[in-house]
Amino acid sequence: MTRIIAITNQKGGVGKTTTCVNLAASLAATRREVLLVDLDPQGNATMGSGVDKRDVEYSCYHLLLEETPVDDIIVHAEAAGFDLVPGNSDLTAAEVQLMQMEARESRLGNRLEPIESRYDYVLIDCPPALNMLTLNALTASDAVFIPIQCEYYALEGLSALLETVGLIREAVNPDLEIEGLLRTMFDARNNLANEVSEQLLEHFGDKVYRTIIPRNIRLAEAPSYGAPIIKYDKASRGAIAYLALAAEMVRRQKAAEDSSEQIPTVGDSTNTPVQHTPENPVA
């Protein structure tokens with residue numbers, strides 16, 4: 001069953017694109033079929049996947065605004081191991097043009113629908129703002145994945161994002177879920193980071209992934225080489241963390257699916273909930 005996940009945070013600089021690229025590559029490494037949709041006009045996810053955003057014939061612009069066949073738009077990011085709908089600066093114009101269209105918030109979901117069944121996961125890298133592109137991503141998605149840096153301003157941005165998710169549920173996508181919160185760029189030596197981490201666990205409980213993405217030089221270097229961290233340095237702490245995150249995500253989804261398949265019968269005391277053992281944090 002395909003899972004469409006919007007990776008977003010209205011605050012920039014929290015590791016959103018880094019997480020999107022490396023999670024996609026790590027899921028692909030577990031033999032899942034993955035499509036990454038780069039909906040950010042900066043095109044950083046495209047470049048980080050080893051595809052030059054300036055050389056692509058088609059991009060997310062054509063996916064949203066034209067009737068170009070989706071198969072012609074998708075490229076295989078050989079260096080990363082997954083399929084990609086590239087993004088570039090053309091998306092800036094797309095946002096303006098979308099405002100003049102009917103059912104504008106549903107364009108992305110409608111275009112992905114014919115091909116989504118090919119994939120186990122569709123990950124959408126959203127721009128760091130609440131705009132028409134982000135609205136399209138949230139309308140098309142089953143869940144929202146929120147990378148968050150453990151600092152004060154990140155908590156403020158999280159509050160605004162959760163309000164937005166609530167509004168999206170009320171208006172256009174009542175089934176939208178919170179997939180989870182991921183602590184990124186974490187430094188265990190920082191007292192504030194530890195305090196914010198504790199607050200997240202207290203308020204969101206199991207929605208916070210047990211895996212933690214540490215600050216890691218090799219992880220920061222990888223995009224400049226056009227490769228995910230597991231291709232650039234598989235032995236680095238960053239690579240180990242993202243592989244652990246992918247494994248945790250797969251286990252969570254399997255546990256949720258198994259739980260939903262259990263149909264208790266009257267008088268049957270043998271039905272027990274699926275137990276999920278959380279992963280130890282990687283710090």
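The values are calculated or read from the model by the stated rules, or taken from the named source; none is laboratory data. Remember, predicted model here, so these are calculated numbers, not experimental data. Because the Cβ atoms are built from the backbone with ideal geometry, glycine has one as well, and the counts that use them run over all protein chains shown.
So that you can scan it fast, the table gives a plain yes or no per residue for (1) assigned to a helix (DSSP H, G or I); (2) within 20 Å of the chain's Cα centre (by Cα); (3) buried (at least 23 other Cβ atoms within 10 Å of the Cβ):
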{"position": "23", "(1), (2), (3)": "yes, yes, yes"}
{"position": "32", "(1), (2), (3)": "no, yes, no"}
{"position": "40", "(1), (2), (3)": "no, yes, yes"}
{"position": "50", "(1), (2), (3)": "no, yes, no"}
{"position": "57", "(1), (2), (3)": "no, no, no"}
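Evaluating residue 82 against the criteria (1) modelled with pLDDT under 95; (2) surrounded by 13 or more Cβ atoms within 10 Å (Cβ to Cβ) leaves one unmet condition, (1).
Of the residues making up the range 146-203, those that are part of a strand (DSSP E or B) and modelled with pLDDT under 90 number 0. Can you tell me how many residues within the range 59-71 are free of Cβ contacts under 8 Å to residues at least 40 places away in the same chain and more than 20 Å from the chain's Cα centre (by Cα)? Residues in the range 59-71 being free of Cβ contacts under 8 Å to residues at least 40 places away in the same chain and more than 20 Å from the chain's Cα centre (by Cα): 5 in total. Residue count for the range 218-239 under the criterion of being assigned to a helix (DSSP H, G or I) and over 13 Å from residue 18 (Cβ atoms): the result is 3.
Evaluation of residue 36 against the conditions (1) outside any helix (DSSP H, G or I); (2) modelled with pLDDT under 95; (3) within 22 Å of residue 15 (Cβ to Cβ) shows that the sole unmet condition is (2). Please go through the range 196-238 and pick out each residue that is acidic (Asp, Glu) and under 16 Å from residue 80 (Cα atoms). If the condition is that a residue be acidic (Asp, Glu) and under 16 Å from residue 80 (Cα atoms), then 221, 233 are the ones that fit.
Among the residues of the range 109-140, those identified as closer than 20 Å to residue 16 by Cα, part of a helix (DSSP H, G or I) and either at pLDDT 95 or above or touching a helix residue (DSSP H, G or I) at 6+ places or on another chain (Cβ under 7 Å) (or both) are 132, 133, 135, 136, 137, 138, 139, 140.
Residues in the range 81-132 that are among the β-branched types (Val, Ile, Thr) and in contact (Cβ under 8 Å) with a residue 12 or more places away in the chain: 85, 92, 115, 122, 124.
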